[in-house]
Each structure stands twice: as C-alpha cells, then as structure tokens.
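Below is one structure, written out as structure tokens; comments come after it.
The values are calculated or read from the model by the stated rules, or taken from the named source; none is laboratory data. It should be emphasised that the depicted structure is a prediction, and the values quoted were computed from it without experimental measurement. Here the Cβ is made from the backbone with ideal geometry for all residues, glycine too, and neighbour counts use every protein chain on show. Surface accessibility is based on the protein's heavy atoms, side chains included, excluding ligands, DNA and RNA. Shrake-Rupley method; radii C 1.70, N 1.55, O 1.52, S 1.80 Å.
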Amino acid sequence: MLDPKLIRNNPEAIRKGLKNRKADAGMVDIFLTVDEEWRKVTVEVDELKARRNTLSDQVGARKQKKEAADDLIAEVKSISSRIKELDARQSELEQKANAIILEIPNIPHMSVPVGVDTRDNLEVKTWGEKKSYPFKLKPHDELGIQLGILDFDRAAKIAGSRFVVYKGLGAALERALINFMLDTHTKENGYTEIFPPVLVNPKSMIGTGQLPKFEEELFRCRDDELYLIPTAEVSVTNLYRDEILSAKQLPINYCCYSPCFRREAGSYGKDVKGIIRQHQFNKVELVKFVEPDKSYEELEKLTSHAAGILEKLGLPYRIVALCTGDLGFSSSKTYDIEVWFPSENRYREISSCSNFEAFQARRAAIRYRSTAQAKTEYLHTLNGSGLAVGRTFAAILENYQQEDGSVVIPEVLRKYMDKVTALRS
C-alpha cells in the first residue's frame, strides 16, 4: 500500500498518478477526509490523557494533605468517559482509513509510458525468427488432441470447463518444462528454490495485494479461512511478512514451482479453447527482495532471466513496457514478455515482470536495516513468471509443429524426456 504520509504531504502527485493509470483519484480525497478527522481525534485524546494525568497527580496531592478532591475526581471520571468514546471513534476511523488505503493502487514509476490500454504499451525488445510454414498451421489445442496428449473432455467431466488433463508425453513435457525452468534459474541465474503451501490465509493475500481488491478472482475454502493461491508470488513474498531483515541478506532471490488457481471471473468468453486461460495451471515464479536503490536494476535482471528461458527453447518473443493504464494493481513498473503464436499470427503474454517498490512490503510489514543501529526501512519486492508452464507448452506445440502433425521437442528438453525428439500421433 502507499505510504499515508506521502498521500498527506503530496496528494496532487498521487491524484496525478492514479489518473494516469485510469484509477479513481477521488479515493485520495476520501482518505484525506477520514485521516484528518482521525488526527483531530488523536490530538484530542492525547490532550485529554495529559489533562487526566495532571488531575490524577493533583488528586494524589490533595489526599496526602487530607483535603477534599471530589471535584477533581468527578472531572477525571468525566474525562475518562470522553476518552473511551474517542478511543472507539479513533479505532473506527483508523479501520476506515486502512480499508480505503488498501483499495488504492500503486503509483507508476516515472519511466512508465503514459497510456490508456494495451495499444499504448511500448515494445522494447524482440528476439527470434518467426518461421514460415509451407502448410496450414494448427492451433495448440487441436495439435494436443490429435497427438493424444491433451484431454479437455475428460477434464470437463472431472471438474468442468477451463481444465485439462495432460496425458503420456504431454504430462512428461509439462514436467520437463518445470524441471528445465527450475534448473536454469537455480543453477545458472542464482535463485534458491522454494516449495511453499498453495493454501494461504487472508493476511498473505492482503500482503501481496490480492485482497481486498480481487476477492472475486480467488478460490476460497468453504469451511476455513484459506485461499488457493493465484500465483506462488503470494506464498513466497509472505515468507518474510512481519520480519526485519539485514541488508547483508539482500538481495534474496527465490524461484518456485506451484500450481496456480484463478476463477477468471472477468474473462467470460475469452480464450475458452485451449490451455491459455485455465482455472488451474502450472507456473514457475521468480521473487526478489532487494534494497530500494537497486530494485530497478534487479527488474532488468529478472526480466532477462525469464526471457532467457524462451531463448533456450528457441521461441520468438518480444518484451513490452506496460503503460500506466495497463499496469497491475500493485505494480510500479511492469515488463510483459510475449511469446509468438504462429497459428494466431500474434504475440501472447507468457510472463509479467514487475517492481512493486515498497507497496507489498508496507502491506506485509517486510523491513530491513542497513546497519545494526539504523532505522528500519521497507525493502522492495519484485516478481515475474519464469515462466507460465502451460503457455510455454502451447507455444512449443505451435512453433515446432511439422507438416505431418508431429511436434519436434526443443533440444534443451530432451534430456528431461528420455531423449524423445518428437511427439507423434
């Protein structure tokens, strides 16, 4: 969440940032109104408590002198009653202000292009050659069905729409991709592997910004205060919730495989075919905890690590800097990595790499000290998919398809698949 002091001291800058990202700038004024009353009540409570303490001392002095103190005692009782009322109002206003500020998105970094939607995103890099095919291309879902490696009908029977069963070499390819991504990030890119719970409590969801804003997108357990994670970012970022780290520990770089679960409540009618938009999917996530002055350098590193997976797989991609109107709720700056889908003749997002600055750290109370004597500061958190496994699977099917309906396995994956070189029906 944003620093309340920043909103108080520079509200116009916050309004401008919110307007640039097409968010409700009126939330600033609502917060300031509540915050101003809270501060007035706080001042009054402090003054009344000081007055009560003075009177209590005077009562004690009179009693020592064996003098009457009924008038002072009556005033102490009256003040105590008023303090009790104000304490309740102060708590009410504090909760209200906190609820408002939890709904305010992050402010875009100065380097983020100002724009309305995806059409205003800025392409910053392209990589790889888009192959030409002397035959009619098939979409990944059709290829997967013909090869006998994807079963949508039985998945629908088991769970419903937007699920899939991976079969045979399809399951092996999915597993190979997960292991290949984890090996690359741990052995070459310097990340430590984490395997956390996929069920988390509300505090964890609040910490990374999923709650309260996006509750409709989450799967919630009926009988417990637990949610299925929409991304491993939630579990991994909350490893250090309510903790103070040393600067010597930073940067901390984690990678994590997990299944992810999303209701996709706002995507009715979008990507209903195939494995692009599923309720359950696999992902390898990259998460960083860093010092503030190094976070944008670390964002470039994280993005290159995620894109490097596509280069090793030989999949054409591009990187775009999201404009202000397309930024996610918690992000200050995001690069989307988009992989080429030849059957659609377009790029599709396969990873979002974001710097949240102190937005998540403040919500989750994750701080650090530069020295033992220094004051604590909020560190910066970053994350990105390294990569979305199902979409990588789909991109391989499409980019490596052959005229006879087979699909060549990228060379870097073959050691994970008993040296299988191609998928055939």
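Values as computed for the structure displayed
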{"quantity": "Inter-label distance, nm, simple model (7 Å from Cα along the C-beta direction), T126/E243", "calculated": "4.4"}
{"quantity": "Mean separation of Cα contacts under 8 Å (6+ apart) over length of the chain, as relative contact order %", "calculated": "20"}
{"quantity": "Å² of accessible area per residue within the chain, as computed with a 1.4 Å probe and no ligands counted", "calculated": "49"}
{"quantity": "Crossing angle, helix 295-313 versus the chain [Cα axis fit, 0-90 degrees, rounded to tens]", "calculated": "20"}
{"quantity": "Euclidean distance of C-alpha centroids, segment 180-216 and segment 297-311, integer Å", "calculated": "17"}
{"quantity": "Of [x] 69, 54, 48; [y] 56, 54, 43; [z] 106, 44, 40, the label for Cα extents along the principal axes in Å derived from the coordinates", "calculated": "[z]"}
{"quantity": "Accessible carbon and sulfur surface of the chain relative to its total accessible area, %, 1.4 Å", "calculated": "48"}
{"quantity": "When each of K19/K288; K40/K375; K22/K312; K157/K270; K19/K375; K16/K213 is checked by Cα-Cα distance, pairs over 31 Å", "calculated": "K22/K312; K19/K375"}
{"quantity": "Within segment 27-51, backbone nitrogen closer than 16 Å to the virtual label 7 Å beyond the Cα of L102 toward Cβ", "calculated": "31"}
{"quantity": "Stretchable slack from T33 to S370, in nm (0.36 nm times residue separation minus alpha-carbon distance)", "calculated": "117.8 nm"}
{"quantity": "Added length on full extension, which subtracts the Cα-Cα distance from 0.36 nm per residue, T186 to E297", "calculated": "38.0 nm"}
{"quantity": "Shape call, segment 163-256: gyration tensor on alpha carbons, a/c limit 1.5", "calculated": "oblate"}
{"quantity": "Heavy-atom accessible area ranking, 1.4 Å probe, most first, across R424, R391, R52", "calculated": "R424, R52, R391"}
{"quantity": "Full-extension gain in nm, D153 to R222, via 0.36 nm per residue minus C-alpha separation", "calculated": "22.1 nm"}
{"quantity": "N9-E411 FRET efficiency (beta carbon distance; Förster radius 51 Å; 0.05 resolution)", "calculated": "0.35"}
{"quantity": "C-alpha center-to-center spacing [segment 317-366, segment 234-260] in angstrom", "calculated": "19"}
{"quantity": "Surface accessible to a 1.4 Å probe, L137 within the full protein complex, Å²", "calculated": "50"}
{"quantity": "Pair I194, R62: separation of 7 Å Cα→Cβ label points (nm)", "calculated": "6.0"}
{"quantity": "Shape of segment 225-327, Cα gyration tensor, a/c cut at 1.5", "calculated": "oblate"}
{"quantity": "Listed residues K125, K283, K77, most fluctuating in the chain (Gaussian network, C-alpha, under 10 Å)", "calculated": "K77"}
{"quantity": "Cβ-derived FRET efficiency at R0 30 Å, A88 paired with T54, nearest 0.05", "calculated": "0.80"}
{"quantity": "Choice from M181, M110, M27 showing the highest fluctuation, given a GNM over the chain with Cα pairs closer than 10 Å", "calculated": "M110"}
{"quantity": "Cα long-axis angle, helix 26-64 against the chain (0 to 90 degrees, to the nearest 10)", "calculated": "30"}
